[in-house]
1. With all protein chains present and a 1.4 Å probe, how do SER258, SER380, SER246 order by accessible area, largest first?
2. Taking the solvent-accessible surface of protein heavy atoms with a 1.4 Å probe, what is the per residue accessible area of the chain in Å²?
3. In the chain, carbon and sulfur make up what percent of the accessible area (probe 1.4 Å)?
4. Is there a quick way to get the dipole size of the chain? I mean about its Cα centre, with the Cβ of Lys and Arg at +1 and of Asp and Glu at -1; what is the value in debye to the nearest 20?
5. Would you work out which of SER407, PHE257, GLN425 lies farthest towards the positive end of the dipole of the chain, given +1 charges on the beta-carbon of Lys and Arg and -1 on that of Asp and Glu, about the Cα centre?
6. What percent does the relative contact order of the chain come to when contacts are Cα pairs within less than 8 Å and at least six residues apart?
7. Roughly how many debye, to the nearest 20, is the charge dipole of region 169-315 about its Cα centre, given +1 on each Lys and Arg Cβ, -1 on each Asp and Glu Cβ, and no other charges?
8. What number comes out for the charge environment of LYS64, summing +1 per Lys or Arg and -1 per Asp or Glu over other residues with Cβ under 14 Å away?
Amino acid sequence: MPRVLITDNLAPVCHDRLAQNGIDFEVHLKRSEDELAALAGDFDGWIIRSGTTITANLIDHAAKLQVIGRAGVGVDNIDLEAATRKGILVVNAPDGNTISTAEHTCAMMQALARRIPHAHASVTAGEWARKQFSGAELLGKTLGVVGVGKIGRAVAQRMQGFEMRVLGFDPVLGEDAARRHGIELVDLQTLFAESDYITVHTPLNDGTRGLLNAETLAQCKDGVRLVNCARGGIIDEAALLDALQSGKVAGAALDVFSEEPLSEALLKLVRHPKVVATPHIAASTGEAQEKVAVQITEQVVRALKDEPVSTPVNAGALRAAAQPEAKPFLDLADRLGQIASQLVDGSLRRITVRSYGEALHRYAEVLTVAALRGVMARWSPEPVNLINANTLAREMGLHTSEEWRTSSGDYDYPNLVEVIVETAQRTRSVIGTVRAPGDGRLVGLDGYRFEGKPTGHLLFYRNVDRPGMLATVGGILAEAEVNIAALALGRSSLGSMALTVISTDEGVPAEVRRRVEAIEGVEDVRLVAV
């Protein structure tokens, strides 16, 4: 009889479903890693929420383990590489809290507009200060949704019932899909400038951390109202407090914070009279917890019965990881996708992945998925992996295609991966290769040839090919105390426009980028983080 270990609190339906399927289980809460290591070897399945971290050490001790079930979306508390290496399937429950989070977002928006929490506090204090709590209608206002995944689309659908105009920013949402949901796709600058309310539904990563900061808040409408039920840190909280105090921002509704529980600095923010705050409860409804428990239990049961599962996180990677020669190219394709997506503006229309060389023929399909994961991961509010990337891309209306060619043409490398991204405005091509395991290289961009590492902070720009151009840019970086780690140059012919790729030890500030853009003869300046 299969046995399942449960180390976080789950709705009772989880226990019921396991018992109904003849699966024995034990619940062990709040155990140390040493205690878990001693337990792990006796179980075939393991179900957790966010309270348990399954490390490589625990996986090494789990000799019988076949499947790990994460009751929720995020799997950052599971060492996926270690699980994959040991052939352990990881499944999650990505859909259970979508509606709860969307409904909470809408409720926060309405509470913010009508100042409901503040009015309630006044009444319970024995006051009757009607004139202090004049609110605002949502009718006819413009809502900007940053990140139009499942939750973002659910929020848009509900707020359209209030007759709001809905703008959306999401580089991987197709225009046809946006229209079907009644969403006008715009760039971030337009969304900031035209929205009366802005709600964010993105993951927290290097591309979205501090997305709403002093600079971008200044681009917003005077009197804008902000809602964050996604991840703490997407909004720069210090900048938000300044904007609230100046009146630039008329109010903010926050369910998530960069520090939880709150620090003294954050308490100052949530105590501001224009702020509505809740303690990270957007997904915490009885219905959501039951849905998550049901979904993850069903997935674990199916896996233990050797039946197909619908929410695998690493099943595709399991097959590819069994081939040592594939893994470095999968990592390369992912990085090329990340780079390509940051080199264009506007919504992506198509992604094409080309594999060159006989050795990559058998991996062409999974390389395409890896590149797609890299493209989408920056903005998808749910984890993107080798299993769900194609499905998420279809949901977003993104067209993908894969190609394979026998040789790498004029390049001196036997195997290459090329990622081509297309928007309404332009098409860009990024090419890379693997010289040795762990040594991926970026070797081409839009016809320019060069060689650099596709990692870290990268500054791309084109410039007139004349003496002194690099020195001018280097001087600006030095003045800003940005250290250059590596440099790559490419040009098509003597005296033509050249391409420069500078790797820096830290990110290049926006102000420094603007100074580089202002140099005569420099164009198409891009900052990329991989």
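The values are calculated or read from the model by the stated rules, or taken from the named source; none is laboratory data. The structure presented is a predicted model; accordingly, all values stated were derived computationally and were not measured. All Cβ positions, glycine included, derive from the backbone under ideal geometry; neighbour counts span all protein chains shown. We work out accessible area using only protein heavy atoms, side chains counted, and drop any ligands, DNA or RNA first. Shrake-Rupley method; radii C 1.70, N 1.55, O 1.52, S 1.80 Å.
1. Per-residue accessible area, sorted high to low, gives SER246, SER258, SER380.
2. 44
3. 49
4. The dipole magnitude comes to about 900 debye.
5. Toward the positive end, the furthest listed residue is GLN425.
6. Dividing the mean separation by the residue count of the chain yields 12 percent.
7. Using only the charged Cβ atoms, the result is roughly 300 debye.
8. Taking every other residue near LYS64 into account, the sum is -3.
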